[in-house]
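Input: a single structure, listed below in structure tokens.
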Amino acid sequence: MQIFRLLDTLKTPALYEKGNASMWEDDHISRHLLELHVNQDSDAASRKRVTIEKTVRWIETFLDDSQKTILDLGCGPGLYCELLAEHGHRVTGVDFSKRSIAYARKSALEKDLDIDYIPMDYLDLSFENQFDLVIMIFCDFDVLVPHDRTRVLKNIHRALKPGGLFIFDTLNHKAPDTIKIPVKSWEVSNGGFWKNGPYLALSETSHYQAAQVILQQHVICFEPDHLLVYRFWTHYYQQEILESILNEGGFNVELVCEDLLPDDGSGTHDMVTFYVTRKK
Ligand SMILES: C[S@@+](CC[C@H](N)C(=O)[O-])C[C@H]1O[C@@H](n2cnc3c(N)ncnc32)[C@H](O)[C@@H]1O
């Protein structure tokens with residue numbers, strides 16, 4: 001292990017500086033992620049089934065009784081898509097994790113649900129005037145850096161029919177107090193979440209207060225002398241700031257809901273806000 005290289009890697013990065021590795025499409029990690037998505041005992045990667053059911057019922061209160069065309073961005077294994085399809089809607093799910101899309105397709109087939117799953121990056125969406133509703137759930141909106149956020153909002157705006165809805169969740173101003181920051185931890189493993197073989201993981205959560213961004217960084221060290229750096233830059237939003245971003249993107253905010261998620265004692269529910277917005 002080159003200790004000086006490690007010290008250099010652990011220096012505080014500039015805002016939005018990328019790591020050298022990406023988690024979602026890694027074959028080994030995506031296997032663990034899929035397990036987390038479908039694990040009913042954990043709210044990691046996807047929320048628990050009861051919460052998903054509650055969220056879908058709540059989303060449907062903004063729709064009239066007719067069949068709707070719905071696009072789920074970052075659909076993962078299709079947990080929301082399936083419920084919406086079971087309720088009679090025409091659903092399309094987009095995700096760039098091939099493993100999640102394969103799981104979602106198999107599950108839909110087994111349940112005889114006609115859902116269109118597309119393995120792609122939602123930065124590259126080209127749908128036009130096609131959907132009554134777009135959803136993006138599990139605070140995926142928060143990890144978009146500003147130029148990607150503008151691009152995704154443009155894509156969603158184009159994909160929606162006139163007056164269509166965009167419903168999503170974000171971390172709110174309570175996030176920095178709820179997530180313990182700064183925090184450092186380490187893990188030595190013979191094989192686990194990050195890698196099949198032995199590794200040392202050095203993890204750190206830090207706060208870029210002026211930008212209202214939280215960085216979760218994981219540096220994975222393994223033989224012979226490899227360092228993988230995973231960085232997740234996550235925004236939390238004050239309502240007025242997000243409203244102005246959405247307005248600029250061509251959306252009116254119709255409703256802000258701060259108490260949709262059930263209180264599980266972790267405080268997590270308190271730091272998530274749902275936005276119901278409509279294409280102008
Ligand atoms: C935290 S998971 C949430 C999954 C799902 N929305 C849920 O709540 O069950 C985020 C998902 O977004 C996908 N994702 C992240 N960035 C993406 C992108 N740029 N294009 C497509 N999918 C993306 C990941 O592969 C992952 O499945």
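Listing V272, V50, V145, V213 from fewest to most neighbouring C-beta atoms within 10 Å gives V50, V145, V213, V272. Inter-label distance, S203 to R149: 2.5 nm, where each label sits 7 Å from its Cα along the C-beta direction. Principal semi-axes of the equivalent ellipsoid, √(5λ) from the alpha carbon gyration tensor of region 10-149, are 26, 18, 15 Å from largest down. When the Cα positions of Q130, I220, S107 are compared along the charge dipole of the chain, I220 comes out farthest toward the positive end, with charges on each C-beta of Lys, Arg, Asp and Glu. Return the percentage of antiparallel bridges among DSSP beta bridges fully within the chain, rounded to the nearest 5 %. Just about 70 percent of them are antiparallel. Relative to the longest principal axis of the Cα atoms of the chain, the long axis of helix 239-248 makes an angle of roughly 60 degrees. Under 5 Å from the amide H of Y237 lie the amide H atoms of L171, N172, H173, each residue being 5 or more positions distant or on a separate chain, with H modelled from the backbone and absent for Pro and chain starts.
In region 152-280 the Cα-Cα distances spread across 10 Å bins starting at 0 as 12, 30, 28, 21, 10, 1 percent of all pairs. Could you list the residues of region 59-96 with an amide nitrogen less than 13 Å from a label point located 7 Å from the Cα of E35 in the Cα-to-C-beta direction? No residue qualifies, since no backbone N sits under 13 Å from the label point. Return a whole-number percent for the relative contact order of the chain, with Cα pairs under 8 Å and 6 or more residues apart as the contact set. Averaging sequence separation for qualifying contacts and normalising by length gives 17 percent for the chain.
Assuming charge only on the beta carbon of Lys and Arg (+1) and of Asp and Glu (-1), the dipole of the chain about its Cα centre is about 480 debye to the nearest 20. Extension gain, W58 to H226: 0.36 nm times the residue separation minus the Cα-Cα distance gives 55.9 nm. Using the Cβ-Cβ distance between D264 and D177 with R0 set to 22 Å, the FRET efficiency works out to roughly 0.80.
Helix 49-60 axis versus longest C-alpha principal axis of the chain: approximately 40°, rounded to the nearest ten.
Kindly express, to the nearest 10 degrees and within the range 0 to 90, the angle between helix 27-38's C-alpha long axis and the longest C-alpha principal axis of the chain. Taking the Cα atoms of the chain, the angle to 27-38 is about 50 degrees. For Y117, nonlocal amide neighbours, meaning residues 5 or more places apart or on other chains whose placed amide H falls under 5 Å from its own, are G93.
The slack in the chain from N252 to N20, taken as 0.36 nm per residue of separation less the alpha-carbon distance, amounts to 79.8 nm.
At a temperature of 4 °C and a viscosity of 1.567 mPa s, determine how fast region 174-242 diffuses translationally according to Stokes-Einstein, using the Kirkwood radius over alpha-carbon pairs as Rh; express D in µm²/s, rounded to the nearest whole number. Rounded, D is 96 µm²/s. Counting only DSSP H runs of at least 4 residues, each contributing -39500 (n - 2.57), and dividing by the residue count of the chain, the helix-based mean residue ellipticity at 222 nm comes to -8500 deg cm²/dmol. For the chain, leaving out every one of the GluC sites (Glu not before Pro) that falls in a DSSP loop and has at most 15 other Cβ atoms within 10 Å, the longest unbroken run is 129-257. In sequence order, region 70-83 has phi-based couplings of 10, 10, 9, 8, x, 6, x, x, x, 5, 7, 4, 5, 4 Hz under the Karplus curve 6.51 cos²θ - 1.76 cosθ + 1.60, θ = phi - 60°, and Gly or Pro positions carry x. Scattering from the chain was approximated by placing one identical point on each alpha carbon and applying the Debye formula without solvent; log10 I(q)/I(0) at 0.15, 0.16 1/Å stands at -1.23, -1.39. Residue separation of L6 and K161 scaled by 0.36 nm, minus their Cα-Cα distance, works out to 50.8 nm of gained length.
The phi-based Karplus calculation (6.51 cos²θ - 1.76 cosθ + 1.60; θ = phi - 60°) puts the 3J(HN,Hα) values of region 162-178 at x, x, x, 9, 10, 10, 7, 10, 9, 6, 9, 5, 7, 4, x, 7, 7 Hz, whole numbers, x for Gly and Pro. Of interest is the spacing of the C-alpha centroids, which for region 28-96 and region 196-264 amounts to 20 Å. Compute the Cα gyration tensor for region 87-205, then decide on rounded, prolate or oblate, letting a ≥ b ≥ c be the square roots of its eigenvalues: rounded whenever a/c is under 1.5, prolate when a/b is larger than b/c in the other cases, and oblate in all that remain. Oblate, because a/c is 1.5 or more while a/b does not exceed b/c.
Every read-out reported here was derived from the displayed coordinates using simple, explicitly stated rules and does not represent laboratory data. Given the structure is predicted, the values throughout are model-derived calculations rather than measurements. Neighbour counts run over all protein chains shown; Cβ positions are idealised from the backbone, glycine included.
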